[in-house]
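The values are calculated or read from the model by the stated rules, or taken from the named source; none is laboratory data. Remember, it's a predicted structure, so these values are computed and weren't measured experimentally. In this analysis, Cβ positions are derived from the backbone assuming ideal geometry, glycine residues included, and neighbour counts consider all displayed protein chains. Side chains included, ligands, DNA and RNA excluded: accessible areas come from the protein's heavy atoms. Shrake-Rupley method; radii C 1.70, N 1.55, O 1.52, S 1.80 Å.
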Amino acid sequence: MASAANASFAPASGGWDPEDVSFPSGFAWGAATAAYQVEGGWNADGKGPNVWDTFTHQGGDRVFKNQTGDVACGSYTLWEEDLKCIKQLGLTHYRFSLSWSRLLPDGTTGFINQKGVDYYNKIINDLLANGVVPMVTLYHFDLPQHLEDQGGWSSDAIIDTFDSYAQFCFSTFGDQVKLWITINEPYIVAKDGYERGIVAPGVVEPGTGAYRTARNMIKAHAKAWHSYNLLFRRTQHGFVSIALNSDWAEPLDPTCLADQEATKRYMAFCLGWFAEPIFISGDYPDVMKSQISARSAKEGYQSSRLPEFTEEEKMMIKGTADFFALNYYTTRKVKHQENTHSEPSVSRDREAEQIMDHSWPRAPGSSWLAVVPWGLRKLLKYIKDMYNNPIIYITENGFSQRDFAPLDDTQRWKYFRQTLLEILKAIFLDDVRLKGYFVWSLLDNFEWTCGYSCRFGLFHVDFENPALPRVPYRSAIEYAKVISKNGLTKSTDEL
Ligand code: BGC
């Protein structure tokens, strides 16, 4: 049933045509970046090293051609160029992250790097002067190396250190910034950074590392949210959340009970791991707890490899997000998988195999990215139903191209357009309270282990040219039209 707020969009008669409706007024149109991926200036003006500086400088072919973010898009000196792109698109919102070690070189408030503060103040002031709302991420994968040397997210001490950093940012920038993300994709940091070790800081600790670090990230997020709530909300009136990535998942055989249960586990071990404690109960999903505890017992552990929260911690964690920040890229089919392997891991604990349907197109730049726009609509509805109908922002969504992709990226724009159609259906047919959409990414940039071989930007960056010129892809031009109309234009006009 359409809500009262959305009723005026209902068709007078006949079918509902998403091409004839506008997005709700005030819808946030954004694009996103992250400090390490765009800034460069890795040791400029007193910035301290972070785990990605270390990881890339160590070489060892863990990153495509051993590339680094030392220069990246040069946004540390070329911010004005980024601003031109933002204005050309007509964005209402821009999401970017603060480099923790640019502000606090050793990660603590013991020493503050004023040059870093000045840089971010300029970005924030310029955005606001141009009518663009900043959404600021405190931590997007680039932990200060000094903190990693003390155990990083594995150490309980990080919780207070993160809280101090968050409070420093709220008090320094919070008069101007009203939308905050504490941590970007804790799932990726935990699983790929501290279990598989395929991204920085490259720690390999199968079966335990991810659970311990995720727990600390959840507690650090919750503590920072409480600090905002107690010390800053009354005067700053902002909103704080955490950006959670999730696939949408469906049973490989929808009639098979085992596949249905495996699909529930897949969602619980990905989104539920963080969303259930933060939005619902203060605790992990039951299926995650029972699954890991049973498997740990079989493996001879004295207690579950998933450390429990105390009752006090649960109280502290529950309800610590002011909106739901979702990063969506892809969808999977899921099949029950009996686990016989000896080495434990998050993937094995969930006993669910992920499968890519061959009929789904793939984004040319990323083998993992099956393009499934309808998966986003289903995921939004799932979040609405599972997590008490929260206000949602899609804080990342995008499609990668190869290195040599043409500026006329018609196929990619088709994907964006299909995605926006699904979003309209989610808003008007499913009554999802979706308030904004951020494309990943504003610019082609350093795509972690893929280096510069994979391009997610709305603007092409020529990394061979020292001036690092930004040139719009067709997707940027089409996106600007959608933003200015606050709706889609008829497909025949577009493609
Ligand atoms: C991350 C981005 C990344 C993007 C595409 C997300 O996981 O937040 O930093 O570039 O996906 O892989």
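A few notes on this one:
- The chain - Cys residues lacking any other Cys C-beta under 4.7 Å: C73, C85, C169, C256, C270
- If R0 is 25 Å, the Cβ-Cβ spacing of V471 and T77 corresponds to a FRET efficiency of close to 0.85.
- Rolling a 1.4 angstrom probe over the protein heavy atoms with all chains in place gives the chain an accessible area of 38 Å² per residue.
- When each of the peptides 145-152, 369-376, 77-84, 327-334 is scored by how many other beta carbons lie within 10 Å of its residues on average, the order from highest to lowest is 327-334, 369-376, 145-152, 77-84.
- Sum of side-chain charges, K314 neighbourhood, beta-carbon under 10 Å (Lys, Arg +1; Asp, Glu -1): -4
- Note on segment 91-133: along the principal axes its Cα atoms extend 35, 15, 10 Å, ordered by decreasing extent.
- The distance between label points at S359 and L407 comes to 3.8 nm (points 7 Å beyond Cα on the Cα→Cβ vector).
- Gyration tensor verdict on the chain (Cα atoms; rounded if a/c is under 1.5, prolate if a/b is larger than b/c, oblate otherwise): rounded
- Annotation: amide H of M135 within the under-5 Å range of Y94, R95, F96, sequence separation 5 or more or interchain, hydrogens built in the peptide plane.
- Listed by chain and number, the aspartates and glutamates whose C-alpha is less than 12 Å from the C-alpha of K333, apart from same-chain residues fewer than 8 away, are D247, E250, D253, D259, E353, D357.
- Net lengthening on full extension, K314/Q302 (0.36 nm per residue, minus Cα-Cα): 2.0 nm
- 3J(HN,Hα) couplings calculated from phi for segment 348-362 with the Karplus curve 6.51 cos²θ - 1.76 cosθ + 1.60 (θ = phi - 60°) are, in sequence order, 6, 4, 7, 6, 9, 8, 9, 10, 9, 5, 5, 7, 7, x, 10 Hz; Gly and Pro show x.
- Spin-label model, S342 to A129: label points 7 Å out along the Cα-to-beta-carbon direction sit 6.4 nm apart.
- Cα-based shape type of segment 8-149, given that a ≥ b ≥ c are square roots of the gyration tensor eigenvalues and the cut on a/c is 1.5: prolate
- Averaging Cα coordinates gives a centre for segment 315-387 and one for segment 32-104; these two points are 27 Å apart.
- Segment 400-482 shape via C-alpha gyration tensor axes, a/c threshold 1.5: prolate
- Cross-link partners of K485 among aspartates and glutamates (Cα-Cα below 17 Å; sequence separation of 8 or more within a chain): D17, E19, D20, D493, E494
- Karplus-derived HN-Hα couplings along segment 304-315 (A = 6.51, B = -1.76, C = 1.60, θ = phi - 60°), whole Hz, x at Gly and Pro: 5, 5, 8, x, 7, 8, 6, 4, 5, 5, 4, 4
- Listed by chain and number, the aspartates and glutamates whose C-alpha is less than 16 Å from the C-alpha of K65, apart from same-chain residues fewer than 8 away, are D53, D403, E447, E464.
- Amide H contacts for R362 (H built 1.01 Å from N in the peptide plane; partners 5 or more residues away or on another chain; cut-off under 5 Å): V371.
- Residues of segment 210-254 with amide N under 18 Å of a point placed 7 Å along Cα→Cβ from S281: 215, 218-219
- Among the trypsin sites (Lys or Arg not before Pro) in segment 94-196, those placed in a DSSP loop whose Cβ has at most 16 other Cβ atoms within 10 Å are K178.
- Under 5 Å, built H, 5+ apart or other chain: amide partners of L443: L458, F459
- Among the protein heavy atoms of the chain, carbon and sulfur supply 53% of the accessible surface, probe 1.4 Å, non-protein parts ignored.
- J(HN,Hα) series, segment 427-437, from Karplus relation 6.51 cos²θ - 1.76 cosθ + 1.60, nearest Hz, glycine and proline x: 6, 8, 9, 9, 6, 6, 8, 8, 10, x, 9
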